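A short worksheet on the structure shown next.
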Amino acid sequence: MTPVFAESTAVSRPLHIVAAEDLAGFLQSQSVAARGWLTDQGFEAALGDLRLIPGGDGVAAAVIGFGSAKTRARQRFALAKAASLPAGAWHLVGNLSQTQRDEAALGWLLAMYRFDRYRTAKVGAPAVLQLPEGCDADRLLAMAAGEYLTRDLINTPAADMGPDQLEAAFLELAARFGARAKVVKGDDLLEQNFPMIHAVGRASPREPRLMDLHWGNSGPSLTLVGKGVCFDTGGLNIKPSTGMLLMKKDMGGAATVMGLAQMIMQLGLPVRLRVIVAAVENVIAGNALKPKDILTSRKGLTVEVNDTDAEGRLVLGDALALATETPTDVLISMATLTGAARVAVGPDLAPYYTDDAGMAAALESGAAAAFDPVWRLPFHTPYEHIIEPGIADLDNAPGWGFAGSVTAALFLRRFADHPRYMHFDIYGHAPADLPARPKGGVGQGARAILAGLPAMLGL
């Protein structure tokens, strides 16, 4: 589906945004009938409380509570609940700042998303918002469209979103924006020196692959690298059944960098963009990667495999090594990498790592502007010895029991070897329905990066 705003000339109904402190004045401004109706309904302008106001021919208007400053701080996109209004065009009425109008408009677009590929009963047409005053339609639509792509990719089950289908989506994205793309897969990965990607994915009948996209001919360079583990059984260190229930989302890093790439290309940003995705399935067969195997990576570093369920950092290692063989101004990787990150910050925050204070400041500013929360975790160099097993250069899964996200990030930093490197350890899934974020696949960090790119790259 495609996010849209209503035509500015469309006949639309008003949606009144009412903060708790403004409730009395709002009620006084309404007709006696509307005031009586809302009072009888018990409307107190609680955050997200949506009420319809009847008129002679049906619904004449609607009102949604904006709560107090305290409650607003606890809930992003609360106004997006208004996207459940009756079909047709609506326009906002209320005392909103420009930031609040931007958030309301983006939240509405994100709330319009539906994943109904497998539903026989399709959801009806959604309510459509007219672009609020001062909002940048192109930017908002690009952010929403990129998020839709990410959600579609993550939500699709592994039977229909294996390495073949992820490659097809990658090539379609490249073709749509005139980008150049190539794919290396199967045993060609060994011939072209991607041994860890091959080792992780060789047990699957759906071949592992490395996908590489280039777009733009001028401007500063940005390289995005995504983990595309289309399903993760854990390999021979097999997960329990409950641990596999969400593993269709283990390609969430790939889905998110592809969604971000769409935003960048749709907006025509003046950058030279490169997107690298390593796509594999981590399954079990006679030729599966085994515990205690030692792999020699593309970078030449040897890795002792102490857990075949820590495979994401292996495929990213080869992809990051490729990324740094060509100079780039900024290098960013995204992966659904560790449960430790979820324990640390929960499902809503996107934790990230960087040694560059300027990039961190740009990202934090972008996160606030794009309503996309992030949280910085440390590349804590004193923990480097934890990932050095002695028998090989690196250990993919040290049995230390602490700082699992940090040690995984340090592992990746060995392959990135770039002063302006940023790594995201995202979750990629909303565990429950929230305003603008239905349960299921979700992008994290992409909008924050998009908003931070001007400062990161000097655009």
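What follows draws every value from the coordinates through simple rules; no lab data is involved. None of the values given here were measured: they were computed from a predicted structure. Glycine gets a Cβ as well: all are built from the backbone with ideal geometry, and neighbour counts include every protein chain shown.
Quick check: the angle from helix 446-457's long axis to the longest principal axis of the chain, C-alpha only, nearest 10 degrees? The angle comes out near 70 degrees. How tilted is helix 98-111 with respect to the longest principal axis of the chain? Cα atoms for both, answer in degrees (0 to 90, nearest 10). Here the helix axis deviates by roughly 70 degrees. Between Lys290 and Thr242, the simple spin-label model (points 7 angstrom out along Cα→Cβ) gives 3.2 nm.
Counting only DSSP beta bridges with both residues in the chain, what percent are antiparallel, rounded to the nearest 5?
The answer is about 40 percent antiparallel.
How high is the relative contact order of the chain? Use alpha-carbon pairs under 8 Å, at least six apart in sequence, and give a whole percent.
Values: 1023 pairs, mean separation 70.9, N = 459.
This gives 15 percent for the chain.
Comparing Cα centroids, region 430-455 and region 175-232 end up 24 angstrom apart. Report summary: the helix-based calculation at 222 nm, which adds -39500 (n - 2.57) for every DSSP H run with n ≥ 4 and divides by the residues of the chain, gives -10000 deg cm²/dmol. To the nearest ten degrees, helix 163-176 and the longest principal axis of the Cα atoms of the chain are 60 degrees apart. When the pairs Lys239/Lys292; Lys122/Lys227; Lys122/Lys249 are compared against a 20 Å limit on Cα-Cα distance, Lys122/Lys227; Lys122/Lys249 fall above it. Rounded if a/c is under 1.5, else prolate if a/b is larger than b/c, else oblate: which is region 335-443, with a ≥ b ≥ c the root eigenvalues of its Cα gyration tensor? The shape class here is oblate.
Modelled spin-label separation between Ser8 and Thr326, with each label point placed 7 Å from Cα along the Cα-to-Cβ direction: 4.0 nm. In a fully extended conformation the segment linking Ala24 and Ala60 would gain 10.9 nm over its present Cα-Cα distance, using 0.36 nm per residue. Contact order, relative form, for region 76-144: 47 percent (alpha carbon pairs under 8 Å, 6 or more residues apart, mean separation divided by residue count). Within the chain, all pairs of alpha-carbon atoms sorted by distance into 20 Å bins from zero give the percentages 25, 51, 20, 3, 0.
Using r as the Cβ-Cβ distance of Asp164 and Ala137, and R0 as 25 Å, what FRET efficiency do you calculate, to the nearest 0.05?
0.10
Can you give the FRET efficiency for Ser97 and Asp40, using 1/(1 + (r/R0)^6), R0 = 45 Å, r = Cβ-Cβ distance, to the nearest 0.05?
On the way: r = 31 Å, r/R0 = 0.70.
After rounding to 0.05, the efficiency reads 0.90.
For Trp400 and Leu52, the FRET efficiency from 1/(1 + (r/R0)^6), where r spans their Cβ atoms and R0 equals 51 Å, is about 0.35.
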